[in-house]
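Colleague: Below: one structure in structure tokens.
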Amino acid sequence: MTTDNRKDRRFSRRKFMKTAVAAAAASGTLLAVSAQGMRKPESKKRHKRPSHPDPDLLLVNGRIHTMDAGDRIVSSVAIKDGRFVEVGYSNRYNHGNETRVIDLRGRTVVPGIIDNHNHIVLMGNRPGYHTPLENAYSIPDVQAIYAARAAGVPRGAWITTIGGFHPNHIYANPADPLSGRMPTLSELDAAVPNNPVFIEVGFTGPGATNSAGKAIFESQGIAVADNGAMTGNNPSRALLYLRQTLLNPAERRRSVIDAMNYAASVGVTTHLDQGAFQATNTAADGAAHEDNFTMHIPFLEVYGQGDGIVRLRINFLHMESDPNTPELVQRLKNAFPFFGDDMVRTGGIGEFIAQGTSVTSPFAAAAQKVAQAGWRAEVHSLGRRQTPSSNPADFELEIMGFEAANASFPGIVRETRWVVAHVPGITQEWIDRLQGIGGNLSLTGWQYLAGNLPTSTVAPYAGPPFRMIVDSGNRADGIHSGMSSDGMQIAPMNPWLHMYYATTGLNTRRVLINPGQQITRQEVLSLYTSRNGWFLQEEDQLGSIEEGKLADLVVLNYDYFSVQDDDLKKIRSVLTVVDGEVVYNAGVLRWHGDRG
Ligand SMILES: [Zn+2]
């Protein structure tokens, strides 16, 4: 990309988003845009620069797994104007003055990872300098990650880790007494002497802090043990205090850029966000609470400034117990599904369409409303049947609600691709029923962090039953499934951890908790790439490296297909390309033709 080209895109994206935000503000509805003509992706304006025959970017000498229908592996790709223009080597494109050429030196390349269910919008609204600990395997790892972070932030600024982390993860060696616990105050002080620290596990803790953080929290009446541990409602009170004192529009935008940079470093180039629990601005709020009506604004501003480096797709979460679901009704009337440009676009209703799933909840009625409006519904399931005679599990109630909506509006589930996510306890019978109406499954490896051996023989609670679902998908007209992280509260975003779990069945403590359900590396990678374009309704644009598709790819530090199982956890990007531009560069690859 030339500088001119980049400026041109920045201008066009800013113009698009400014208009979109202004329209949203005018109507009082986020992302509601009135002008039909705006559907055309504005980023294409960058193509108006004086044309030249050269590709913008040429990657050569790689092992490029295209994940196309034939699982073709090629050595080179050429990219122009944000799309793949040649996949596989030929002499058609010789690099010229305008081309950046990168010698991959045999490295493995995969399509940009698509996460069809996560919460990156929450991650981009964290107070303080949120620092993922999902790649720490020991207390010294935590200390090293924190020390590196402290070196890059202002003295005295808060360093936080809110969700996406569990002490189980610090379990590199079961014989190590430092394993499987939170870092202590003195360990955090040793790593970060000059900045207050706050760590919170999951939605509401437990938490931990260092001496600087302890002094500030105690001045607010928030209790901290001598060793830095925070329990009870103290982590939630601490989080409320940090949100109220640290968050402002500029800090949120900075946090958005941090979240995007982290995503690019682990190769996740597209995120289907699934919303938040609606904030109450009290200590009842946990890590997963935010304001569903304003939390996208910092993201839209970053995209508007041309600084968005990963793609965002936005679902709208509605969790009302009011039987009339008035907010959902207004959303369906006043917003547009699957509307936006190639970088940021709306989606459907999810991961909740109502509070609860039982027959007395508004769930079934909400499903009817979503169907009537012609939108997609995405819901989540965490349950299983305890015994064959016990009450129906959540997925059974959800699939019955989908069936009823589909009966009222025939074909809606298949046409708009309704989804049930996570499904740790789903059974073959219910996979088949969902498949019968054209529904889809999003598979999540989140039990990797905290899951245990199944205590019931009815369903493998660790789950999901990856093998059963992938085999079901391999039948004629089989069920469509894709992979997701459900990061960033109860699970890591890092897709390679979820691929480790799906292929080994092992949790963080290397206990086999999902026996008989392992799938192959090729299978789980396809669930995270080629199969996931479907969930965006963009399978023609994203998910594989093919001529004409949007140019997103990840160059890996190790060969995903041949490393030992445990080393899957160490896989990172060394170079991430989104929309034909290098958005992350670990500095190990050299290139020529770079004009900065
Ligand atoms: Zn979720």
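The values are calculated or read from the model by the stated rules, or taken from the named source; none is laboratory data. Values in this document were obtained by computation on a predicted structure and should not be read as measured data. Positions of Cβ are generated from backbone atoms using ideal geometry, with glycine treated the same way; all protein chains shown enter the neighbour counts. What goes into the accessible areas is simple: the full protein's heavy atoms, side chains included, and nothing from ligands, DNA or RNA. Shrake-Rupley method; radii C 1.70, N 1.55, O 1.52, S 1.80 Å.
Colleague: How much net charge surrounds Gly482 when only the other residues with a Cβ under 11 Å from the Cβ of Gly482 are counted, with Lys and Arg +1 and Asp and Glu -1?
Modeller: Local net charge: 0.
Colleague: Once you list every other residue whose beta carbon is under 14 Å from the beta carbon of Val329, what net charge do they have if Lys and Arg are +1 and Asp and Glu are -1?
Modeller: Net of charged neighbours comes to 0.
Colleague: Cβ neighbours within 10 Å, averaged per peptide: list 392-399, 302-309, 158-165 in order, most packed at the top.
Modeller: 158-165, 392-399, 302-309
Colleague: Given a 1.4 angstrom probe, what's the average accessible area per residue across the chain, in square angstrom?
Modeller: Dividing the accessible area of the chain by its residue count gives 36 Å².
Colleague: What nm value, rounded to one decimal, do you get for the distance between Asp322 and Ala476 when each label is placed 7 Å out toward the C-beta?
Modeller: 4.9
Colleague: Next up: How much length, in nm to one decimal, is gained on full extension between Tyr89 and Arg414, taken as 0.36 nm per residue of separation minus their Cα-Cα distance?
Modeller: This chain segment gains 113.2 nm when fully extended.
Colleague: Ranking request for peptides 124-131, 521-528: highest mean number of other beta-carbon atoms within 10 Å first, then the rest in descending order.
Modeller: Top of the packing list down: 124-131, 521-528.
Colleague: Note down the magnitude of the dipole of segment 350-404 about its Cα centre, charges +1 on Lys and Arg C-beta and -1 on Asp and Glu C-beta and zero elsewhere, to the nearest 20 debye.
Modeller: Roughly 40 debye, rounded to the nearest 20.
Colleague: Only Cα pairs under 8 Å and at least 6 apart count here; give the relative contact order of segment 402-494 as a rounded whole percent.
Modeller: Taking the mean separation of contacting Cα pairs over the length of segment 402-494, I get 29 percent.
Colleague: Work out the charge dipole of the chain with +1 on the Cβ of Lys and Arg and -1 on the Cβ of Asp and Glu about the Cα centre, then indicate which of Ile426, Gly580, Ser255 is farthest towards its positive end.
Modeller: Of the listed residues, the answer is Gly580.
Colleague: First select every other residue whose beta carbon is under 13 angstrom from the beta carbon of Gly128; then total the charges, Lys and Arg +1, Asp and Glu -1.
Modeller: Once all neighbours under 13 Å are counted, the net charge is +2.
Colleague: What's the extension gain from Asp307 to Asp565 if we count 0.36 nm per residue and subtract their Cα-Cα distance?
Modeller: Stretched fully, the Asp307-Asp565 segment lengthens by 89.3 nm.
Colleague: With a/c under 1.5 counting as rounded, go ahead and sort the chain into rounded, prolate or oblate using the C-alpha gyration tensor (a ≥ b ≥ c being the square roots of the eigenvalues; past the cut-off, prolate if a/b is larger than b/c, else oblate).
Modeller: The shape class here is rounded.
Colleague: Residue-wise, which Karplus ³J(HN,Hα) couplings in Hz belong to segment 78-85, taking 6.51 cos²θ - 1.76 cosθ + 1.60, θ = phi - 60°, and x for glycine or proline?
Modeller: Values per residue, Gly and Pro as x: 10, 10, 9, 6, x, 10, 6, 9 Hz.
Colleague: In addition: For the chain, with all protein chains present and a 1.4 Å probe, just round the carbon and sulfur fraction of the accessible area to a whole percent.
Modeller: In the chain, the share of accessible area belonging to carbon and sulfur is 52 percent.
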